[in-house]
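Contents: one structure, followed by commentary.
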Amino acid sequence: MLIKGTNSEVYKVSVIVSNSSSGRWVPFKAGLEQAANDNNIRLDYVYTDYIDNIYTEASIINDEISRGANGIIADFCLSEGSEDVVASISARVPIMLVETSVNAGADIRGNHATVMPDNYAIGRAIGNEVVIDYGEELKGMKIGIIAGNQNQYAMQDRLKGFMDATMKINPEAVWCISESRYTEDELIKANEKNPADIVVGLDNNSMETAVDYFLGNRGGKVKLYGSGCSKKLIYYIDAGEVDSMIVPDDFSMGYQSMSDLAIKLQNRTSALVDREVGFSVVNRGNLFVGDNQQILFPIVQ
């Protein structure tokens, strides 16, 4: 359920995510904009390049607070060891974390919380799709995994979910690479050494890297599965090039994080609480059906 606030005063909320202009964030940004409009919030969606250093991210956030941000929404690039960063920011302004949970200390003021999907369930859903399509044939197949940013608990949970879903049949995982600035180079090296039959991307960046490499006729013919939400990936599902994809409800993630922050800013005694958003299993056959269409193509009022 989406919950919105009813602000009369205008507050400024800054949003910091890695590589902010990526198509991966389009549904999320649409949710932010809708909630900002509904709650009389001034949204500052900060332009960023690829962020892989928590202190760089913290510096951007602190600069935004110094420029007058009353609240922060952020996707942290690091989960473990981020307690001091969360404590420092939430002592100044409320912060909503999205997509991944982090290590954070006790928060008696309710000044930080997380909005994200069940990432373990997303990993299991990806694995289940592979098992459904191949069954016992999977035993003789080789799987390559582009595992997202493994410094985030979210991606660790997705990897565990995928491995748990496929372990009974036990296909051979010939390589598993984590996202970095050099993901494509690592993919090329790994797949040239041990070619995969099936490639799994655990998040949007991973899936797009796989699509660019394998559908560009550089990596051989493979079956592609994973999680994502960009228009680019939706196109490849519709074209039958991506077999199945788990699509998190990023519109709701954006809407809920902004709405909850609006309520907190309006009433400082209220507490931010963790929330979970859903996801859909999408393939060529159900791409434009019912709830899938709403998640893939949200309509901003």
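Applying the set (1) of a type in the set (A, V, I, L, M); (2) over 19 Å from S66 (Cβ atoms); (3) outside any loop (DSSP other than H, G, I, E, B) to A104 leaves exactly one unmet item: (3).
Got a sec? Which of S14, S88, S79 is within 15 Å of H112 (Cα to Cα) and part of a helix (DSSP H, G or I)? Answer to the check: S88.
Taking the conditions exactly as written (touching a residue at least 12 places away in the same chain (Cβ under 8 Å), crowded, with 24+ Cβ neighbours inside 10 Å, of a type outside the set (V, I, T) and in a helix (DSSP H, G or I)), does R124 satisfy them or not?
On the way: touching a residue at least 12 places away in the same chain (Cβ under 8 Å): yes; crowded, with 24+ Cβ neighbours inside 10 Å: no; of a type outside the set (V, I, T): yes; in a helix (DSSP H, G or I): yes.
The answer is no for R124.
Look through A36, A69 and report the one residue that is assigned to a helix (DSSP H, G or I), buried (at least 20 other Cβ atoms within 10 Å of the Cβ), at pLDDT 95 or above and among the small types (G, A, S).
Numbers: A69 fails: assigned to a helix (DSSP H, G or I).
So the residue among A36, A69 that is assigned to a helix (DSSP H, G or I), buried (at least 20 other Cβ atoms within 10 Å of the Cβ), at pLDDT 95 or above and among the small types (G, A, S) is A36.
Okay, residues lined up against (1) modelled with pLDDT under 95; (2) in the same structural domain as Y213 (by TED's automatic domain parsing):
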{"site": "A104", "(1), (2)": "yes, no"}
{"site": "D107", "(1), (2)": "yes, no"}
{"site": "G110", "(1), (2)": "yes, no"}
{"site": "A113", "(1), (2)": "no, no"}
{"site": "I126", "(1), (2)": "no, yes"}
{"site": "I143", "(1), (2)": "no, yes"}
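Scanning the range 76-101 for residues that are closer than 16 Å to E276 by Cβ and buried (at least 22 other Cβ atoms within 10 Å of the Cβ) yields M96, L97, V98, E99, T100.
Quickly run through the range 238-265 and pick out the residues that are β-branched (V, I, T) and in contact with a strand residue (DSSP E or B) (Cβ under 6 Å, 6 or more places away or on another chain). Once the filter is applied, which keeps residues that are β-branched (V, I, T) and in contact with a strand residue (DSSP E or B) (Cβ under 6 Å, 6 or more places away or on another chain), the range 238-265 yields V242, I246, V247.
Each residue in the range 39-66 was checked for being assigned to a helix (DSSP H, G or I) and more than 19 Å from D203 (Cβ to Cβ), and 11 pass. All but one of (1) in a helix (DSSP H, G or I); (2) at pLDDT below 95; (3) among the β-branched types (V, I, T); (4) out of contact with any Leu (no Cβ under 7 Å at 6 or more places or on another chain) hold for I263, so report the exception by its number. For I263, the failing item is (2).
In the range 36-69, the residue that is nearest to A87 (Cα to Cα) out of those that are touching a strand residue (DSSP E or B) at 6+ places or on another chain (Cβ under 6 Å) and among the acidic types (D, E) is E64. When the test is whether a residue is crowded, with 21+ Cβ neighbours inside 10 Å, touching a residue at least 60 places away in the same chain (Cβ under 8 Å) and of a type in the set (V, I, T), I16 does not pass it. Where strands (runs of 3 or more DSSP E) sit wholly within the range 154-251, those with at least 1 residues that are in contact with a Phe, Trp or Tyr (Cβ under 7 Å, 6 or more places away or on another chain) and buried (at least 21 other Cβ atoms within 10 Å of the Cβ) occupy 198-201, 223-227, 244-248. Residues in the range 287-301 that are surrounded by 15 or more Cβ atoms within 10 Å (Cβ to Cβ) and in a loop (DSSP other than H, G, I, E, B) were compared, and the one that is modelled with the lowest pLDDT is P298. In the range 211-243, the residue that is farthest from I132 (Cα to Cα) out of those that are of a type in the set (G, A, S) and either at pLDDT 95 or above or not assigned by TED's automatic domain parsing to the domain that holds A125 (or both) is G228.
The values are calculated or read from the model by the stated rules, or taken from the named source; none is laboratory data. Owing to the predicted nature of the structure, the values given are computational and were not obtained by experimental measurement. Quick reminder, even Gly has a Cβ in these numbers, built from the backbone with ideal geometry, and neighbours come from all protein chains shown.
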